[in-house]
Every structure is written in C-alpha cells, then in structure tokens.
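Read through the structure below, which is laid out as structure tokens, and then see the notes.
The values are calculated or read from the model by the stated rules, or taken from the named source; none is laboratory data. Predicted model only: the values in this text are computed from it and were never measured. Cβ placement follows ideal geometry from the backbone for every residue including glycine, while neighbour counts extend to all protein chains displayed.
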Amino acid sequence: MKDIRITLYDIFGYLIPGVVMLFAISLFFWTIFWPASTLVIPSKLPAIALGSLLFAAYLVGHLGQAIGNLLEKLPMIRKRLDEALPLSKGVEELLRSAIGARFGKAVESIKPRELFALCDQALLHHDSPGEREIFVYREGFYRGSSVALAILAVALAIRMVHAPAVLAVLGVTVEVYRGPLALACGLAALGAWLAFWRYVRFGDHLFRTCFLRYLSLDLSTSIERKGKHGQA
C-alpha cells in the first residue's frame, strides 16, 4: 500500500476554503429548512465527528475549485491566458525568440496558456521549478477562497430575510439581527473581491517567473555551449 501524502495544496487549496464553503452550505440549509431554530456550534466534537467534518470540507473544497475554474472564462482572465503575456514587449520578444530557436518558429505564435505549459514542463524536466509550488499553492488558495467567501456572502444575505438568527456558541445563546448579518455579509463580499484579485496577482507571478526562469535557463545554457565550442 502506497503512503498517503498530504500536500500544502490539499490544505490551502481544498481544506481551508472547503471549511468556509461547508459553513456557508450549512447556513443555506438552516435558513431554508429551519429558519426559526437555534444553530448550535459545539465547543468540542468527538474525534470521528471532527474527522468526518474535515473530510467533508476537503471534498467541498474540490467543488469550490471546480467552480473557481469557471473564473478562467472571465474576459480579463481569458486575456491573460490566451492573449497577453505578463512581460514587457522586449522581454516577450526575447522569450519567443529563445523558444522558437529551441522548438521551431511555429512555437513563437502559440497562446500564453500553451507557452506557459511548454516552459513549465521544460523547467520541470531540467529540475528547475524555482518558486513554482509556492505560487501554485497561493493561486489555488485565493481562487478557492474567493469562491467560498462569495458563497458565504450570498448565504448571509439570504439569512437576513429570516432575522434574527439565533446562535448557541460555547454554551451562550445569541440573537443576531439584520445589522450584524449585513456587516458580516459585506465583509465576506469584500473578502471575496480581495481574494479574487490576489488570485489574479499570483497567477501573473506564476506565469512571469516561469517565463523569466525559462529564459534565464535557456540563455545560461547557450552561454555554456558557446564556451565549450570556444574551448574546442
């Protein structure tokens, strides 16, 4: 039996956003089916129940990432993936020229998404990933978080229809009226908006560092080849 490995992406990409989404889904069901009942949040849970909730949050986190993939259909994201490179014009020309010299002139005209995949695989093949994993983790975390917080904002907005919301937290019963619910909804929506732009930012970092690392590796390899030919 192979060892089960838990990566940082499992935690930051799936589990943490999944916890927020699972809470938002609970709010949906509570609001729709039991709006007048008290939502009890216990201070302690049995190990089996806690493990089951974490596993459910992990699965829901996968659903959130699936929804997050739809963000790639937004015009600004599609432009980044299919039209524009996050590089200056001079560096882009240098990169495409280096790729064309290695793979053929036809490669120079491919889309940024395919260009990134090609450079990324070349770097992995040469065992030079750099900060790739860090940017992948953060991009996934913010993408999943933006979806989870947006769903939470919608759930809180629906909950305002059935105010007050009665919560029992750590043995203390609290009635939450529309004012605090509206504030929580606004903060969740703001968090979703900020997380989305962080997702865009780290996506650009992922592309940019991949292209620049490939270019620097290609140039250093060319210099080494010229040096060897000169010595010969």
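The table below lists the values:
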{"read-out": "Breaking point among (1) crowded, with 22+ Cβ neighbours inside 10 Å; (2) outside any helix (DSSP H, G or I), for LEU156", "value": "(2)"}
{"read-out": "Every residue from segment 159-183 that is assigned to a strand (DSSP E or B) and either surrounded by 12 or more Cβ atoms within 10 Å (Cβ to Cβ) or in contact with a strand residue (DSSP E or B) (Cβ under 7 Å, 6 or more places away or on another chain) (or both)", "value": "ALA165, VAL166, LEU167, ALA168, VAL169, THR173, VAL174, GLU175, VAL176"}
{"read-out": "Some residue of segment 155-166 being at pLDDT 85 or above and within 13 Å of the chain's Cα centre (by Cα)", "value": "no"}
{"read-out": "Segments classed as helices (runs of 4 or more DSSP H), wholly inside segment 12-100, with at least 2 members that are charged (D, E, K, R) and exposed (fewer than 12 other Cβ atoms within 10 Å of the Cβ)", "value": "none"}
{"read-out": "LEU63 being in contact (Cβ under 8 Å) with a residue 40 or more places away in the chain and in contact with a Phe, Trp or Tyr (Cβ under 9 Å, 6 or more places away or on another chain)", "value": "no"}
{"read-out": "When residues of segment 114-133 are limited to those that are surrounded by 15 or more Cβ atoms within 10 Å (Cβ to Cβ) and at pLDDT 80 or above, the one farthest from ILE99 (Cα to Cα)", "value": "ARG132"}
{"read-out": "Pair list, Cβ under 8 Å, 6 or more apart: segment 1-27 residue closer than 18 Å to SER145 by Cβ, other residue at pLDDT below 90 and of a type in the set (Ser, Thr, Tyr)", "value": "LEU8/TYR137; TYR9/TYR137; PHE12/TYR137; GLY13/TYR137"}
